[in-house]
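Below is one structure, written out as structure tokens, with a few remarks after it.
Bear in mind that the values in this text are calculations on the coordinates, not laboratory data. Not measured: the values here are computed from a predicted model. With ideal geometry, Cβ positions are generated from the backbone for all residues, glycine too; neighbour counts draw on all protein chains shown.
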Amino acid sequence: MKRLTHLKRPYITVVITTVAIAAALVAVLRPGGHQDEVSYGGSRPVTQAKATPGSDVQLPTNPRTWETQRTLADGTTIGVTTLHGEKSGFTGKVWVWAPKEYSDPKYANSAFPVMIALPGSYGFPNNYWWGTDFALQEKVAQAAAQGKSKPYIIVMPVQNPNRDHYYDGADIPGQPKMGTWMSDDVPNLVKENFRTLRSPEGWGFFGSSSGGYIGLKMALQHPDKFGFAIAGGPDTYPDSPLWKGHEKEKQANNPEQLAADLIRKGGPVKVRITFLMGDKEPAKDLARIKDFMAKYGKGPVATDLHMIANAGHDGYKYGAALFDGPLQKISEHVPGPTAGQAPAA
């Protein structure tokens, strides 16, 4: 499957990107009602003692100021920052949103789960999930209010260093370390700024097409860091042309091999994978997903398939289908937040 065609037509990629960028300019430049900057955890480093023994709450360590990208009707904001990845050496943009529950005093001592949302196609220089066209944040807020979702912190990084190639969310030899960027630098940024969960069950991915592949791979490659992935129309194998001459490293980033290794090791924890597939996608692609589930959906790897009626390989349909059951089912296994929780000592 060519992961470029993440929407109904390839040209829509350009339209979505253009609309999202235009929306960003409006959000930042519109006079009145919008702050230029936002901080989710204070503007100074947080000095805290270690959390209570056994606590799953990880306190923010070094909150930064973010540029306001979009303000929702409920007053919450989507911020954007440029992250200089300490471990990967890569520099790129990251967008973030915290639900209204995050600033509610009754959750002041509670940690929140994190969902990293990745787009289809290149995911550079923009991540379209922060825009109004998909309204991902509004839908998560509504689902959380209805008890059908946890109130996730949503993180939206760029996933490639350019639009020249796909990098498969991996550290391909001689290329920017997009695997380390996604597995370490982006989560570390979130931990610096938010109250998060220490357990991997509180961290996961939602992605469309190429973003779905990266989320799938990350959860299987780093089960000690991520507990779930909801993947819309993903590949199940690496296919960047940049892997040429690096077969060993390629297989170390192959979800099929990673799943097999995880099953052989017996864990250490359960990884939950939900696939979103349209009933009009190519038969070979649906067969490949079903084959993956048959081979690897056992032991520490739990798999589920949500079929979307009257849909092909379509980012809009994956985004809508997230709220037709998959997010609610995953959320049943995701901890936090807890109202009235005692503060970390």
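Starting with the fewest neighbours, write out H84, H333 ranked by other beta-carbon atoms found within 10 Å of each beta-carbon.
Placing the least packed residue first, the sequence is H84, H333.
Could you tally up the Lys pairs in the range 60-170 with alpha carbons closer than 24 Å? Skip any pair fewer than 8 positions apart unless they're on separate chains.
The result is 9.
On full extension of the chain, what length is gained from E247 through E86, given 0.36 nm per residue of separation minus the C-alpha to C-alpha distance?
55.3 nm
If each residue's Cβ is checked for other Cβ atoms within 10 Å, how do Y102, Y318 rank with the fewest at the top?
Fewest-to-most ranking of Y102, Y318: Y102, Y318.
Based on the alpha-carbon gyration tensor of the range 221-337 and its eigenvalue square roots a ≥ b ≥ c, which shape applies: rounded if a/c is under 1.5, prolate if not and a/b is larger than b/c, or oblate?
Verdict is oblate for the range 221-337.
Cα gyration tensor of the range 201-270, axes a ≥ b ≥ c as square roots of the eigenvalues: rounded (a/c below 1.5), prolate (a/b > b/c) or oblate?
It is oblate, given that a/c is not under 1.5 and a/b is not larger than b/c.
List the aspartates and glutamates whose Cα lies under 15 Å from the Cα of K284, skipping any in the same chain that are fewer than 8 positions away.
Reachable aspartates and glutamates: D235.
Once the dipole of the range 191-324 is set up with Lys and Arg at +1 and Asp and Glu at -1 on Cβ about the Cα centre, which of T303, G215, P268 lies farthest towards its positive end?
Of the listed residues, the answer is P268.
Under a plain spin-label model, where a point goes 7 Å from the Cα along Cα-to-Cβ, how far apart in nm are A260 and K295?
0.6 nm
For the range 194-281, how many pairs of lysine residues have a Cα-Cα distance under 23 Å, where the two are 8 or more positions apart or belong to different chains?
11
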